[in-house]
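Worksheet for the structure shown next.
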Amino acid sequence: MDSKTIDLIRSNDHLTLSRVISEIESNSDISNEFFNEIYSLSHNSIRIGVTGPPGAGKSTLTNQIIKYFLTDNKSVGIIAIDPTSPFTGGALLGDRVRMNQYLFNDNVFIRSMGSRGDLGGLTKKAQEVGDVLAASGKDIIIYETVGVGQGELDVSKAVDVTIVVLVPESGDEVQLMKAGLIEIADIFVINKSDRDGSGRLAQNLASILHSFSKKEDLVPEVYSTSANKGDGVEKFYSGLNELLKLMQNKNMLNEKKLLRHKNRILQLVQERLLSNFWSKKKVDQLKLAINNINSIKVSHYEVMRKLFEDKNV
Ligand SMILES: Nc1nc2c(ncn2[C@@H]2O[C@H](COP(=O)(O)OP(=O)(O)O)[C@@H](O)[C@H]2O)c(=O)[nH]1
Ligand SMILES: [Mg+2]
């Protein structure tokens, strides 16, 4: 990518952002230099993850907080990740309406990413898209994604703050713990609080969070909202800002950034090693080893040793 493109990114040219993001998505070879150039610009944004089950109201809530951020003179980039949709980069009708609403607003950039049939590398790509948006000067980057802990898609590792959106029917605390939500959440939102059971879930959740948190931890707050009507959103939004301030004061935001940086390096090294290792010949050798049941006579350790030993494959 040429230096003109980088200048256009820096000057927040949304058409260029779209084009570059498409290139990242389509896996075309983007030079390391490109990321070197933009990386120095990508630290300042706050990255927020909004996750939870489908239909919980994540998009509706995100839409609401965009307005609050804009009122506070903050620019926002939104990356909606729908791993299940191979179509149109995962843009649902509602999301498209939302995008069109901000089509000519330089302070809001919304992008959908689908998996295009390949879950692998989605987190990496989403992080790189985040870098590009950050380099364009967006103050806030919001990742909206379904569910948690699906390996490649663990959004909590890609952000500074994770918001978990639930609904009153989301189940009891045991289920939530099993789903791993309690570990990753920095804030809980019980949306659709206009429905029965919201207060009970909020209370149970708050009490379990208190009893399970370690003394030095920040205990996640639980907010109740009706995002479609806007009820409770302002309170949630100020809670979010308070948490960010607290994290800033405790140096937690920097720690998260450093950890993320380290993990991204580890990930790249792992990728490089694997792709160097698995030459065509080695892939064939592996295929041969698992070709028929008789090959099981050779242990997995032995196959592995041979793969490493034979320098010619
Ligand atoms: N009753 C009720 N419906 C809501 C609320 N928030 C969102 N919805 C509706 O729930 C549906 C799913 O919302 P959406 O934001 O697309 O959910 P997402 O899949 O988590 O992004 C939409 O029809 C919304 O209008 C709420 O607080 N109460
Ligand atoms: Mg959505």
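Every read-out reported here was derived from the displayed coordinates using simple, explicitly stated rules and does not represent laboratory data. Everything numeric here is computed off the predicted structure, so don't read it as measured data. Backbone-built Cβ (ideal geometry, glycine too); neighbour counts: all protein chains shown.
Assuming R0 = 41 Å, what is the FRET efficiency of Arg19 and Arg195, from their Cβ-Cβ distance, to the nearest 0.05?
That gives a FRET efficiency of 0.45.
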| request: Report Rg (one decimal) and Dmax (nearest whole number) for the chain, counting Cα atoms only, units Å. | output: 22.0, 69
| task | Between Ser3 and Ile208, with labels modelled 7 Å along Cα→Cβ, what's the label distance in nm to one decimal, could you check? | result | 5.6
| remark: Listing Val298, Val189, Val20, Val222 by rising number of other beta-carbon atoms within 10 angstrom, fewest first, gives Val298, Val222, Val20, Val189
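Based only on Cα atoms, what mean projected area does the convex hull of segment 233-313 have, in nm²?
Values: hull surface 39.8 nm².
Mean projected area of the Cα convex hull: 9.9 nm².
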| query | In µm²/s, what is D for segment 164-313 at 25 °C and 0.890 mPa s, where D = kT/(6 pi eta Rh) by Stokes-Einstein and Rh is the Kirkwood radius from Cα pairs? | reply | 123
| request: Multiply the residue separation of Asp217 and Lys280 by 0.36 nm, subtract the distance between their alpha-carbon atoms, and state the gained length in nm to one decimal. | output: 17.8 nm
| query | Once amide H atoms are built 1.01 Å from N in the peptide plane, which residues 5 or more positions from Ser193, or in another chain, come under 5 Å H to H? | reply | Thr225, Ser226, Ala227
| Of Lys235/Lys256; Lys235/Lys262; Lys74/Lys229; Lys4/Lys125; Lys125/Lys235, which pairs sit farther than 27 Å apart, going by alpha carbon to alpha carbon? | Lys235/Lys262; Lys125/Lys235
| Cross-link reach list, lysines versus Lys297, counting only Cα pairs under 30 Å and skipping chain neighbours closer than eight places | Lys280, Lys281, Lys282, Lys287, Lys306, Lys311
